[in-house]
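> Just dropping this structure here.
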Amino acid sequence: MKILVTAASRHGATAEIAGLLAERLAARGHEGDLRPPEEVEDLQGIEAVVLGSAVYAGMWLKTARDAVDRLGPDLRRLPVWLFSSGPLGDPPLPHEEPDVAGLVAATGAIEHRTFPGALDLHKLQYSERLIVRASHVPEGDFRDPAAVREWAERIDAHLRAGPRPARQGVTDGGEAAA
């Protein structure tokens, strides 16, 4: 199955998570298409999508949000998984999930997952370093490659299970309809 894996990354850590996802999915027999969101013009030939973004101030980067806006109707026709990268520290902070409800609705995503990120002060612009220092954000690589690989395997298992028949007579609350 041809899977597009794309992620917006400001300093490379989130792009590396996308690369690990694509690598693991390829190891499971899928054909990966790894590109940054700004290079995705259409989804022709794509059978599933994993779309992610670094998170700053609780928001996805503009290039990832733009990809959802541009590709939304096509994304809704495919199995889609979303991921965010950004919490830092051990335990990761902030504890709040990024605001992705609109992105999940626009894409019809099967799942959204948040992974801890990485912060290397040497990769930041001067203004970014000032904000980081003022916010007392911990520096370091807090990514969890095992969790990323496990999630890729869950995606693979879902795709191998194939489409599931719609459940008849079940309301949104999961209760049997009368």
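The values are calculated or read from the model by the stated rules, or taken from the named source; none is laboratory data. Everything quoted here is computed from the prediction, not taken from an experiment. Cβ coordinates were reconstructed from backbone atoms using ideal geometry, including for glycine residues, and neighbour counts include every protein chain displayed. Accessible surface is based on the protein model in full, side chains and every heavy atom, while ligands, DNA and RNA are left aside. Shrake-Rupley method; radii C 1.70, N 1.55, O 1.52, S 1.80 Å.
> How do 22-31, 109-118, 153-162 rank on mean C-beta neighbours within 10 Å, highest first?
Descending packing order for the listed peptides: 109-118, 22-31, 153-162.
> Right, here's the next one. Test of understanding: what is the full-extension gain from residue 78 to residue 123, defined as 0.36 nm times their sequence separation minus their Cα-Cα distance?
Contour length minus Cα-Cα distance gives 12.7 nm.
> Ignoring ligands, DNA and RNA, what percent of the accessible area of the range 1-146 is carbon or sulfur (1.4 Å)?
Exposed carbon and sulfur together represent 52 percent of the surface.
> Quick one: what are the phi-derived ³J(HN,Hα) couplings along the range 14-24, Karplus 6.51/-1.76/1.60 with θ = phi - 60°, whole Hz, x for glycine and proline?
Whole-Hz 3J(HN,Hα) from phi for the range 14-24: 6, 4, 5, 5, 4, x, 5, 4, 4, 4, 5.
> Now, a different point. Averaged per residue, what accessible surface does the range 6-59 expose to a 1.4 Å probe, in Å²?
Value for the range 6-59: 47 Å² per residue.
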